[in-house]
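Student: Take this structure, written in structure tokens, and hold onto it; I'll ask about it next.
Every number here is computed from the coordinates shown, using simple stated rules; none is lab data. As the structure is a computational prediction, the values presented were derived from the model and not from experiment. Here Cβ is always computed from backbone atoms with ideal geometry, including for glycine, and neighbour counts include all displayed protein chains.
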Amino acid sequence: MAAPSGRGGRMPGLKLRTFSSFKSAPYRIYYASMAGNWAAMSMQMIVRSLLVYRLTGSAALIGVLALAQAIPTMLMSIVGGTAADRMQKKRILLIGRLGSVVSALGIGIALSLGFLSPGNPEAVGLLIASAVLDGIISGFAQPALMSIIPEIVGKNELMNAISLSSVGQNIFRLMGPTLAGFLIDSYNFQTVYFLMASLNAIAAVGTLFLPRSSVRATSNVSPLRNIIEAFQYIRRETIFLLIVVFAIGHMIGGMPYGQLLPVFTESILKVSATKMGLLSSVSGIGALVGTLVLASLPNRKRGLILILTGVGMGLPLIVFSFSHWWYLSLAMMPLIGLAPTLHGAVTSTLIQSYAAPEYRARMQSFFAMAQGLAGFASFVAGMLAGAIGVQWAVGGMALLLVIISIVFWVFAPRLRKLD
């Protein structure tokens, strides 16, 4: 019997589009230019918090470090969104990559000179200063990073392009933390920081080859007026407010575990830096699978997927929080890695799909501000860890995420039904 299909025996309507955005030459340039930054970010996932914990033994100080990055991220996000709507986005990205080089290089030199050492814990202030700089860079560059994508690939390929970007990040997330842990155990922390500086330098060079982007916002009005217009727009278009509020709940309930992972590995699971890196890398497996699936899906039921990411992260994170068994903790990590990656990709896709072109970067900046709240949540979790233990602190916040997701499911049908 003949296959019930069109050409080549494929089922009608079934068209795999997982890598369709790579047909765009500018998108290939964008992807290659970001590779170095993604690799450095994957190492940063473990190296700074582990360094602080080994220098001081304080979970609370890890929280302070997260707060030091969160505040400038939030303050700079709306500024970065306004700048990205008014000026060339590739220039903003270049500034961000060069700032990351300076940050990593400074810490590497301080470690090499012995300024950062267990015998001089007061020098942890330099790490806090580095976190502040990284927060400024993240807040300023993130809106441009996402809002340039629809200009490169167009609206129809937007979710595919953003998902493929998440795929790239997660490929490095599979390798970077384990490599960083291995380098720390085999050599030292400064080796990792110098490598991170080099990778960001490569990313900066690649950024030079990005195409020029359009300037959407009116440049003959003041930046302050552009910021006011952004708040008026999100108040008028309330779907963006729902997206950002859910993002805040997701960041507060789900993300503190990453900053406090050294407390789990050093004090509860009692494993090496290499195994800590392995935990982070394994979380990238779930993230990679999720983003590959998302890149293949049609533009439907994205609001539903967004809400489900909260439950999908909260439940396995509760199990991880109270686990004393290495293999159970390891088994939870792919599930924990899957949900926040899907959340970030879907959130950015919805913002870039539904926002008016002249507001895209500024709407993305509100999401970046929500991401900055993860640092506040890590600070609170660090304080709670000192009072009630890290397991109850992280596990309790994960339970809060599940509750928030259920509330949105029931009371925010407009978001749940969004395609």
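Student: Would you kindly calculate the mean projected area, averaged across all directions, of the convex hull enclosing the Cα atoms of segment 82-208, in square nanometres?
Tutor: For segment 82-208, averaging the hull's shadow over all directions gives 8.7 nm².
Student: Can you return the lysines within cross-link range of K23? Criterion is Cα-Cα under 25 Å, with same-chain partners fewer than 8 residues away left out.
Tutor: Qualifying lysines at Cα under 25 Å: K15, K89, K90, K155.
Student: So, one more: DSSP loop (so not H, G, I, E, B), at most 13 other Cβ within 10 Å: list which chymotrypsin sites (Phe, Trp or Tyr not before Pro) in segment 16-100 pass both filters.
Tutor: Counting only loop positions with at most 13 other Cβ atoms within 10 Å, the chymotrypsin sites (Phe, Trp or Tyr not before Pro) in segment 16-100 are F19.
Student: Whole angstrom only: what separates the Cα centroid of segment 102-139 from the Cα centroid of segment 272-308?
Tutor: If you average the Cα positions of each part, the centres end up 30 Å apart.
Student: Shifting gears a bit: Are there any chymotrypsin sites (Phe, Trp or Tyr not before Pro) in segment 125-208 that are in a DSSP loop and have at most 16 other Cβ atoms within 10 Å? List them by number.
Tutor: Counting only loop positions with at most 16 other Cβ atoms within 10 Å, the chymotrypsin sites (Phe, Trp or Tyr not before Pro) in segment 125-208 are Y187.
Student: Summing Lys, Arg as +1 and Asp, Glu as -1, what charge do residues with Cβ under 13 Å from the Cβ of A104 carry, A104 excluded?
Tutor: Around A104, the surrounding residues sum to +1.
Student: In whole Å, largest first, what are the principal axis extents of the Cα atoms in segment 49-149?
Tutor: Computed over segment 49-149, the largest-to-smallest principal extents equal 48, 26, 18 Å.
Student: May I pose another question? Which helices, counted as full DSSP H runs in the chain, have an axial Cα extent of no less than 15 Å and a Kyte-Doolittle average of 1.6 or above?
Tutor: In the chain, the long hydrophobic H runs are 238-254, 302-321, 390-411.
Student: Then there's this: Taking Cα pairs under 8 Å and at least six residues apart, what relative contact order does the chain come out at, in percent?
Tutor: Here the relative contact order equals 29 percent.
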